[in-house]
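Quick notes on the structure that follows.
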Amino acid sequence: MKADPKGVLTGEHYLDGDHACSEGALAAGCRFLAGYPITPSTEVAERVAERFPYVGGIFIQMEDEMASMAAVIGAAWGGVKSMTVTSGPGFSLMMENIGLAAMMEAPCVVINVQRGGPSTGLPTLPGQADMMQARWGSHGDYEIIALSPNSPQECFEVVIKAFNLSEKYRVPVLVMADECVGHMTEKVVIPKAEEIELYPRRYTKLPPSEYLPFKPGPDMIPEMVKAGDGYKIHITGLTHDQKGYPVMNWETQEKLVRRLVDKIRLHADELVDIEEIEMKDAEVVIFSYGISSRVSIPALQKARKEGIKVGLLRPIIVWPFPEKKIRELASKVKALVVVEMNYGQMFYEVERCAGGKAKTLLVPHGGGWVHDPEDILKAIKEALK
Amino acid sequence: MKATEIMEPPVTEEMDHPMENILRMDRIPHIWCSTCGIGTALTSFAEALKKITTPLEKVCVVSGIGCSGRSAGYIKLDSFHSTHGRAIPFATGLKLANPELKVVVISGDGDIVGIGGNHLIHAARRNMDILVLCINNFVYAMTGGQVAATTPLTANTSTSPYGNFEQPFSLPHLAASCGAVYVARWTCLHVRRLARSIEEAMNKKGFSFIEIIAPCSTIYARRNRLGTGLDLMKFYHDNSVIKHGADTRELDIEFQKKIIVGKFIDRERPTFLDAYNDWMKQKLKDKFVPHGGPQC
């Protein structure tokens, strides 16, 4: 289906990443945002609060992030595309209900404009240290999808993708931006509504007597209904059978949790979204995402000038991790240099997938400022030794 | 008859359960202990459902975690069993997504007032159009009877083994002072009054709160040597005082003392959504697009 023109601000704009996220959400048909103010993500909510009354959306500033995430799931089951937006401390508070969204298979989007941590850390300065939390933060086994934009234009596009993926796979989708991308202002081109493709909610056509809320379709994903449709569904965070009823035994756990995990893992090949720069002849590959990938470009250019064959691989979908791609690459190139604003998170995934076939090197950074391209260049040279 | 004597059940012909259109019969038997008050509270809820004009497919139940949190699982309506403490914000999202729905939160004191207390006071402040049935058994019963924000002073619990020394909340006073438009308290003995009260609250717009005092004979009563479930009902009979319109400052519950019940607050105030629509219409005039329910 096509986007509703009402929410699409077609044209060329000069926007920061946060505001571009808001426009992406509006274009994607999001009409419910529950959030709690937190730097550096607040501007997303602010713009939505201003725009929603013109498009029939509802913004509510909740009392905390636990409430925000719970309201987002409630709204999803009420039949509205919903999202929340936060940063590190709020992301931590949302974790329990992100697990609930995974368990209830509620389509929804969470934007995390990452700042320096741990704890209150660096509220106004960038970080990329919530990447593993995005993957594993809620208790228990589950899978999510996460994307990482590296420009305001991409913030707009990635948020639409996030909504589409959340509808297609019925999972919470996390947009892992960072303070730099969130607060950098660049040109953002918003296309016409008819050029924006949206994935419709997977509503069932079955009558209530035949419908089972958690009966998987051929692609492992169940069809949905919304509250008030007369299906009298029961939806719980407890381990449940296809009917949605709690069943406390290992067989039900195995069926349900296995499916929650497999519906993403077995579709991992469809969930690859990668940008490649100068990769054809690359002997060393920089693996980087978000703002760090942009800081890596000057290092790449300098290295090329010096005759070093460097390429850059940037995952836009960061979870599920592009395992196959890294495996293939590791047998072709000499080294993988991971540039991220933390002390090693996605690096361990790269190292695991490289399986010793290529050298792996981390260029760490604690956050608060971006990498110095010189440090990246040094690492590239080190990798070739 | 002595309170402790248990009557033989009457011999009846095989018949349908009188509440089977409202209960998920395929989930019965339930997990609650014999003489637990939650089932009684649900019976009153079911009675109220028979009388309201809202079609049942538009009534939703949201629960949190705990004994009372299991309520959503037994009621044949669109029902959601959310996380501990978060039933009210979940219900908020559901209601705002589709204002046509009548959303009822049924959960316990630990869930709504303990871990979820912040959401309770804010939903009352905003006058979110939902009804909260808070079943109060004075302890965290599901986990074995730990001290709660509602445990009366001196009462013994597994984590207040020498008696509780913390001042409990008075739930009607809390809800009323935060702006609830309808506030009542009943015990599980007052089944008809409770059903009428639920019906009245369901027909009311805005944040309504009903505290339901429920016997927990397995844990609370046993630990405090209060006898069986029947003894607790007898206690409610002898010690509850109906006082409609009572000053909510005078509703504290002391250990094994009088319980004031009744309807304390019934007032009008614009709901969150009404206030939003009115305000935006004033500010944005014909450019305002009111939220019109489900959109995907």
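Structure values in brief
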item: Loop sites in the stretch A:1-63: trypsin sites (Lys or Arg not before Pro), DSSP, at most 14 other Cβ within 10 Å; result: none
item: Fewest-first sequence of A:Val158, B:Val113 by Cβ atoms within 10 Å of each Cβ; result: B:Val113, A:Val158
item: 222 nm mean residue ellipticity, helices alone, for chain B (DSSP H n ≥ 4; -39,500 (n - 2.57); rounded to 500); result: -8000 deg cm²/dmol
item: Positive-end residue of B:Gly116, B:Val139, B:Asn98, charge dipole of the stretch B:31-287 with Cβ unit charges; result: B:Asn98
item: Total charge dipole magnitude, the stretch B:43-106, about the Cα centre, Cβ charges on Lys, Arg, Asp, Glu only, Debye to nearest 20; result: 80
item: Percentage relative contact order, chain A, counting C-alpha pairs under 8 Å, at least six apart; result: 17
item: Packing-based exposure ordering (other Cβ within 10 Å, fewest first) of B:Cys60, B:Cys33, B:Cys296, A:Cys21; result: B:Cys33, B:Cys296, B:Cys60, A:Cys21
item: For chain B, the spread of Cα positions along each principal axis, largest first, Å; result: 69, 50, 33
item: Distance between modelled label sites at B:Trp279 and A:Lys332, nm, 7 Å Cα→Cβ extension; result: 5.6
item: Positive-end residue, chain A charge dipole about Cα centroid, Cβ charges, pick of A:Pro298, A:Pro222, A:Met69; result: A:Pro222
item: Centre separation in Å (Cα based) which lies between the stretch A:263-327 and the stretch B:223-261; result: 68
item: Using alpha-carbon coordinates, inclination of helix B:87-97 to the longest axis of chain B, degrees; result: 30
item: Leading residue at positive end of dipole, the stretch A:275-384 (Cβ point charges), from A:Val350, A:Trp319, A:Ser331; result: A:Ser331
item: Dipole moment magnitude, nearest 20 debye, chain B about Cα centre, only Lys, Arg, Asp, Glu C-beta charged; result: 760
item: Degrees separating the helix B:229-239 axis from the principal Cα axis of chain B, which is the longest one; result: 70
item: Calculated [θ] (222 nm, deg cm²/dmol) that DSSP helices of n ≥ 4 give over chain A, each run adding -39,500 (n - 2.57); result: -12000 deg cm²/dmol
item: Helix B:117-126 vs. chain B, principal-axis angle (Cα, 0 to 90°, nearest 10); result: 40
item: Prolate/oblate/rounded call for chain A, Cα gyration tensor, a/c under 1.5 rounded; result: prolate
item: Rg over Rh, two decimals, the stretch A:291-339 (C-alpha only, Kirkwood Rh); result: 0.99
item: Cα-centre dipole for the protein assembly as shown with unit charges at Cβ (Lys and Arg positive, Asp and Glu negative), debye to 20; result: 520
item: Mean separation of Cα contacts under 8 Å (6+ apart) over length of chain B, as relative contact order %; result: 18
item: HN-Hα J in Hz across the stretch B:174-191 - Karplus 6.51, -1.76, 1.60, θ = phi - 60°, x for Gly and Pro; result: 4, 5, 5, 5, 8, x, 4, 8, 9, 9, 9, 9, 9, 9, 5, 7, 8, 4
item: Rounded, prolate or oblate (a/c below 1.5 giving rounded, otherwise prolate when a/b exceeds b/c) for the stretch A:35-118 by Cα gyration tensor; result: oblate
item: Residues A:Ser87, A:Ser119, A:Ser151, sorted so that the one with the fewest Cβ neighbours within 10 Å comes first; result: A:Ser119, A:Ser151, A:Ser87
item: Gyration tensor (alpha-carbon) shape descriptor, the protein assembly as shown, a/c threshold 1.5; result: prolate
item: Residue of B:Thr159, B:Thr248, B:Thr271 that the Gaussian network model of chain B assigns the largest fluctuation, springs spanning Cα pairs under 10 Å; result: B:Thr159
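Every number in this text was worked out from the coordinates using simple rules, so none of it is lab data. This one's a predicted model, so the numbers in the text were calculated from it and none came from an experiment. Counting neighbours? That spans all protein chains shown, and the Cβs are built from the backbone with ideal geometry, glycine included.
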